[in-house]
Structure formats: structure tokens, C-alpha cells
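Each remark here refers to the structure printed beneath this line.
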Amino acid sequence: MPRKNIRNVAKKEKGTVVLKRIDPLSAAKVEAVILAIFGFIVGIGMTAFSSMMGFPYGAISIVILPIMYGVVGFVVGAIGAVVYNAIAGWIGGIKLDFE
């Protein structure tokens, strides 16, 4: 059975579409990038706070935190997608309404 493009389905049918499956690798990559950006923002804040308090190694948090947050985001995103797929297969997916 050919896969339907969700944009085309939403435009043609203007109704409810059910999200039945999330690709774990795709979800992992998106989550990794989002959390890496958040880690960079937190790292900037930690650097500013560390420099005000006189700690010498605060600037390294701009490099370390995005990497750590990105790795954690990748793992959590993949696990979350796998869990969603299992639950969606069991009780059904999320219904999305399009107009």
C-alpha cells in the first residue's frame, strides 16, 4: 500500500488524520537538535554566571552542555518514538484535525 503524503491528505480530505507511527531516527534527530540548542542557551547562562562569580572554567559549558543535551535528546527522542509506536499500535494513534 503506497504511503500518503500527510499534506495532500489534509488538503484533500479536510478532516481527521491519525498519527499511527513516528520514525524513531527522525524523532531522535529532531529532539537532539532542539535540546542541543537549549543546552547552548543554558551554557551561555552558566558562562555568564561563572564569570560573575570568578570561576575560571565556566566558558567550557558552552561546548560541553550542547553536546551532552544533544546526546540525551537523541536517546530520549528515539525511546519516546518507540514507546509512542507501541502504544499507538495498541490503543490507536493521535487524531489530528485539519481544515
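The values are calculated or read from the model by the stated rules, or taken from the named source; none is laboratory data. Remember, it's a predicted structure, so these values are computed and weren't measured experimentally. Note: ideal-geometry Cβ built from the backbone for every residue, glycine included; neighbour counts use all protein chains shown.
Only one residue in 17, 63, 72, 42 is modelled with pLDDT of 95 or more, touching a helix residue (DSSP H, G or I) at 6+ places or on another chain (Cβ under 8 Å) and of a type in the set (Val, Ile, Thr), so which one is that?
The match here is 72.
Among 50, 26, which is farther than 30 Å from residue 16 by Cα, of a type in the set (S, T, N, Q) and either in contact with a strand residue (DSSP E or B) (Cβ under 7 Å, 6 or more places away or on another chain) or in a helix (DSSP H, G or I) (or both)?
Exactly one residue qualifies, and that residue is 50.
Quick one: in region 44-95, which of the residues that are among the aromatic types (Phe, Trp, Tyr), surrounded by 12 or more Cβ atoms within 10 Å (Cβ to Cβ) and more than 18 Å from the chain's Cα centre (by Cα) is nearest to residue 32 (Cα to Cα)?
Filtering first and then ranking leaves 49.
Residues being surrounded by fewer than 18 Cβ atoms within 10 Å (Cβ to Cβ), within 20 Å of residue 78 (Cα to Cα) and hydrophobic (A, V, I, L, M, F, W, C): count how many of those fall in region 23-43.
Adding up the residues that qualify gives 6.
Is there a residue being modelled with pLDDT of 80 or more, in contact with a Phe, Trp or Tyr (Cβ under 9 Å, 6 or more places away or on another chain), farther than 22 Å from residue 70 by Cα and of a type in the set (Val, Ile, Thr) anywhere in region 20-29?
no
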